[in-house]
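This report concerns only the one structure given below.
The values are calculated or read from the model by the stated rules, or taken from the named source; none is laboratory data. What you see is a predicted model; the values in this text were computed from it and never measured. Here the Cβ is made from the backbone with ideal geometry for all residues, glycine too, and neighbour counts use every protein chain on show. Areas reflect the complete protein model, heavy atoms only, side chains present, ligands, DNA and RNA absent. Shrake-Rupley method; radii C 1.70, N 1.55, O 1.52, S 1.80 Å.
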Amino acid sequence: MTPLWIALIVSALGSYLLKLAGISLPESVLNHPRVQKVASLLPVAMLSALVLVELCDGGGRYVLDWRTLAGVGAAVVALLLRRGLLLVFVVAIGTTALLRLLT
Amino acid sequence: MTNETIRSIVEVMRSTSRTNDRFSLSVATPWRAPVLRAALGIGLYAAAFGASFGAVSVGAGLSVTQTMVLSLVLFSGASQFAFVGVATAGGSPWAAVPAALLLGVRNAFYGVGLAQTLQPRGLRRLVTAHFVIDETTAMALGQESPRAKRYAFWATGLILFTLWQVGSLTGALVGTAVDPADFGLDAAAPAVFLALLWPSLRSAESRWVGLCGAGLAVALIPHVPAGVPVIAAAAVALVAGLRPTSTSTPRKETS
């Protein structure tokens, strides 16, 4: 087995074990009100972070593409107009793709 | 798998096969059709990104089998791209392990929240764990009732997993390096996650937590390895959730 294969399998299993660890907290811990409070806020904090990191992280430095920003801006408008996720998605990629085609 | 898991999967399949029956479906469970549509949308985007992953991975020198083991077993987009990028960068492939795992740590945090809604037990926990990723967490977060949350988690997980594999294999075999940016797909992830977060941002406390988490992550980008900024945002949730007066008027968090 090559080192690449071993590194690959270690990463794959490690990633699975990380996922398993989170959902394996004992019920006694999960039922604690403070833990419930934190657990309900965790995805909000982390997904908000993910949105901005996806937008401006160009490999450890800030990279902003105005066409991507415009696409996400259009998505925000669609969200304010209370549109569903699929339309938001289409509006975002459509706007960015069109601007990229034109510029 | 327990009955509950099987029931969730059957529910997903049943509603997929009865698209013409939308009216009766929407009377019983009005949240189902929109959730399924959203899950399909996320699935399509996953297929496109999977294809780009397959092409990048084989292009960088991994075999088709190695590429598919990553998609099937590692099954976490950001970690997969990081693994391929670092493993083929010229140094030791071992450097790719921490790079991939660091991006996977956030799934452990997601699991803590999901464990409450999904309440997986026994063997079911082992299956559920595999599907704990950004998209399933966000889709579950976007629903109101526990039932809708479970349905959203499984519908998104199963559809995304399937299409991610189809995409990866196609990309790995065809290998044409289509740049996802040409199709505006770089705007897809932030737009989709924002859309899924949207309903949770109704409370002032969530808005502050989201804002502080995002601010902290962005500030850290140039200073820490990939993956760490998003994990660091968990600290904001910890501070906000553990502070003594978390019941009445939410104030700004200083993290």
Worksheet, complete the sentence: Considering only helices (runs of 4 or more DSSP H) wholly within the stretch B:162-233, the ones with at least 3 residues that are not aliphatic (A, V, I, L, M) are B:204-220
Worksheet item: Tell me, which helices (runs of 4 or more DSSP H) wholly within the stretch A:1-101 include 1 or more residues that are under 24 Å from B:R207 (Cβ atoms)?
Response: A:33-56, A:66-80
Item to complete: Mind listing just one residue for me: the one in the stretch B:172-188 that is crowded, with 17+ Cβ neighbours inside 10 Å, touching a residue at least 60 places away in the same chain (Cβ under 8 Å) and within 22 Å of A:F89 (Cα to Cα) and, of those, farthest from the other protein chains (Cβ to nearest Cβ)?
Response: B:P180
Worksheet, complete the sentence: Residues of the stretch B:56-69 being of a type outside the set (G, A, S) and without any contact (Cβ under 8 Å) to a residue 40 or more places away in the chain, in sequence order, are B:L62, B:T65, B:Q66, B:V69
Worksheet item: Considering B:G113, B:G142, which residue is in contact (Cβ under 8 Å) with a residue 12 or more places away in the chain and either closer than 16 Å to B:L72 by Cα or more than 7 Å from chain A (Cβ to nearest Cβ) (or both)?
Response: B:G142
Worksheet item: Is the stretch B:131-153 home to any residue that is polar (S, T, N, Q), open to solvent by less than 20 Å² (accessible area, probe 1.4 Å) and out of contact with any strand residue (DSSP E or B) (no Cβ under 7 Å at 6 or more places or on another chain)?
Response: yes
Item to complete: Name every residue in the stretch B:206-224 that is in contact (Cβ under 8 Å) with a residue 40 or more places away in the chain and facing chain A (nearest Cβ under 8 Å), in order of residue number.
Response: B:V209, B:C212
Discussion item. Give me the residue from the stretch A:74-86 that is surrounded by fewer than 17 Cβ atoms within 10 Å (Cβ to Cβ) and more than 8 Å from chain B (Cβ to nearest Cβ) and, out of that set, farthest from B:V35 (Cα to Cα).
Written reply: A:V77
Discussion item. Given the condition touching a residue at least 24 places away in the same chain (Cβ under 8 Å) and either in the same structural domain as B:F49 (by TED's automatic domain parsing) or of a type outside the set (D, E) (or both), answer yes or no: does some residue in the stretch B:89-97 qualify?
Written reply: no
Discussion item. Criterion first (over 27 Å from A:P26 (Cβ atoms) and within 8 Å of another protein chain (Cβ to nearest Cβ)) does B:V97 satisfy it?
Written reply: yes
Worksheet, complete the sentence: By my count, helices (runs of 4 or more DSSP H) wholly in the stretch B:1-66 with at least 3 residues that are at pLDDT below 85 are B:3-17, B:22-28
Worksheet item: Does B:G91 meet the test of being part of a loop (DSSP other than H, G, I, E, B) and either more than 16 Å from the chain's Cα centre (by Cα) or surrounded by fewer than 22 Cβ atoms within 10 Å (Cβ to Cβ) (or both)?
Response: yes
Worksheet item: Can you name every residue in the stretch A:1-54 that is facing another protein chain (nearest Cβ under 7 Å) and of a type in the set (D, E)?
Response: A:E54
